[in-house]
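Peer 1: Below is one structure. I have some questions about it.
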Amino acid sequence: MNRSDFPILSRTVYGKPLVYLDNAATTQKPQCVIDAIAEEYCSVNANVHRGVHFLSTQATELHEAARERVRTFINATSTTEIIFTRGTTESLNLMASSYGDAFLKEGDEVIVTEMEHHSNIVPWQMLRERKGIILKAVPIADDGSLDLEKLETLFTPRTRLLSVCHVSNVLGTMNPIRQLADIAHAHNAHLLVDAAQSVPHFPVDVQALGCDFLAFSGHKVYGPTGIGVLYGREALLDMMPPYQGGGEMIARVTFERTTYERLPFKFEAGTPDYVGTHALAVALDYLSAIGMEHIHEHEQDLTAYAMQRLAEIPDLQLYGTTPTKDAVCAFNINGIHHLDLGTLLDRLGIAIRTGHHCAQPLMARYGVEGMCRASFALYNTREEIDALVAAILRVRKMFV
Ligand code: C6P
């Protein structure tokens, strides 16, 4: 993997080389993505789907080509199934709102898991307040794997949706999505996948997974911030009402009645982030050129190496120890507060995330307030993991 494609990786912090291990929060951007943003503003910029003029047509072509690029990247059957949003969070809020309106009545049930990010919990709780739906959470085992037996017992005839992360942003657990799709469908429920932490790391094929909906963020997949995707099966999206009203999403407006645009525009009110969509497509091209299988292999090696090296540190507790685990290592060290450890590592040039990782119910499950988390990307190296371990040992000496 070519680190020199990522300009930020050559900078120093506090006079130390940057060791960036906070990739689950956001990934760094390759030069081609940065250039794509600058070039579009320099030479193409115009609003899309509106003008007949040259620039608007060109910007629209780039924007719709990006939709096709996303389609091929996740192997959706049609671009009508690719909705651009601001990110995973907005995709999941769109689901709670529109899917909630179309498919959920008072007393209907949505099942999530104990390892969900707040983005896949809070929108359903807000819907519960509005509509009186029932929200259930599948428990996890100590190693961070889903309790599939328990999951089966949570389904009732009122269960409409199972909504799960593909990969946990804290534990790194890779959930068996194909199996979960089969379980959900056997109970006449739909499956929504929060793929924020899987699309950046390995090939994701929505048809092979058998999911009904899938969400991810551009900024975690080496693209820009402020752009994301919701994939949905066309037949289901067709049955869902718009999420927001305004320009772009209408067919005809009178004061008496408004009709809506066809898919996917029905869900895309307002000027879209067309520079973001193009830059996202450039990021996906960059990943495809390297090969998602190749990236996965590299990150699996880093994850296994990091787990092994971290386990050598005395008093270190690892969270998430399933064999099917990817790109994330969460840990605490007895006697050192996670914020202190993160702050001191930062002074040594090492960026990790500390805190509750937007997964407070998961922290409660493990009886902690927070954790440290190192998370990997295609440009990380075993040497950086060695640097992390050496720095942790150095900090630990200050406390024992
Ligand atoms: N997790 C992390 O450090 P947004 O913020 O919309 O791009 O993504 C939200 C989100 C949803 N689901 C999962 C599994 C996630 O990991 C995230 C984002 C970051 O873990 C920031 S909190």
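Bear in mind these aren't lab numbers, they're just calculated from the coordinates by the rules spelled out. Quick caveat, the model's predicted, so the values are computed rather than measured. Positions of Cβ are generated from backbone atoms using ideal geometry, with glycine treated the same way; all protein chains shown enter the neighbour counts.
Peer 1: Taking the Cα of VAL52, stepping 7 Å toward and past its beta carbon, and measuring to each backbone N in the stretch 254-268: which are under 19 Å?
Peer 2: Hits in the stretch 254-268 for VAL52 at 19 Å: none.
Peer 1: A follow-up question, please. Specify the inter-centroid distance of the stretch 67-128 and the stretch 186-259, based on alpha-carbon positions, in whole Å.
Peer 2: Answer, in whole Å: 6.
Peer 1: Let me ask something additional. Over the stretch 1-82, what is the relative contact order in percent, taking alpha-carbon pairs closer than 8 angstrom and at least six residues apart?
Peer 2: Relative contact order of the stretch 1-82: 15 percent.
Peer 1: Taking N as the number of residues in the chain, what is its alpha-carbon radius of gyration divided by 2.2 N^0.38 Å?
Peer 2: 1.01
Peer 1: Sorting check: for 8-20, 321-333, 27-39, which peptide has the highest mean count of neighbouring beta carbons within 10 Å, and how do the rest follow?
Peer 2: 321-333, 27-39, 8-20
Peer 1: If I take R0 = 45 Å and measure r between the Cβ atoms of TYR41 and GLN300 in this structure, what FRET efficiency does the formula 1/(1 + (r/R0)^6) give, to the nearest 0.05?
Peer 2: Details: r = 38 Å, r/R0 = 0.84.
That gives a FRET efficiency of 0.75.
Peer 1: Further question on the same structure: Please work out how much length the chain gains when fully extended from SER4 to THR381, using 0.36 nm per residue of separation minus the C-alpha to C-alpha distance, in nm with one decimal.
Peer 2: 134.4 nm
Peer 1: What are the ³J(HN,Hα) values, in whole Hz, obtained from phi via the Karplus relation 6.51 cos²θ - 1.76 cosθ + 1.60 with θ = phi - 60°, for each residue of the stretch 225-233 in sequence order, with x given for Gly and Pro?
Peer 2: With the stated coefficients, the stretch 225-233 comes to 6, x, 10, x, 9, 10, 9, x, 5 Hz.
Peer 1: Another question about this same structure. Using the basic label-point model (7 angstrom from Cα toward the beta carbon), what is the ASN75 to ARG158 distance in nanometres?
Peer 2: 3.8 nm
Peer 1: Kindly provide the helix-only [θ] at 222 nm of the chain, computed as the sum of -39,500 (n - 2.57) over DSSP H runs of four or more divided by all residues, to the nearest 500 deg cm²/dmol?
Peer 2: -11500 deg cm²/dmol
Peer 1: Given points 7 Å out from each Cα along the Cα-Cβ axis, report the HIS185 to THR324 separation in nanometres with one decimal.
Peer 2: Using points 7 Å along Cα→Cβ, the separation is 1.7 nm.
Peer 1: Pull out the extension gain between ASP205 and ASP101, defined as 0.36 nm times the separation in residues minus the alpha carbon to alpha carbon distance; nm, one decimal.
Peer 2: 34.7 nm is the gain from fully extending ASP205 to ASP101.
Peer 1: For the chain, what is the percent of antiparallel DSSP beta bridges, rounded to the nearest 5?
Peer 2: 60 percent
Peer 1: A further question follows. Where a Cα-Cα gap under 15 Å defines reach, which aspartates and glutamates qualify for LYS105, not counting those fewer than 8 residues away within the same chain?
Peer 2: LYS105 reaches GLU129.
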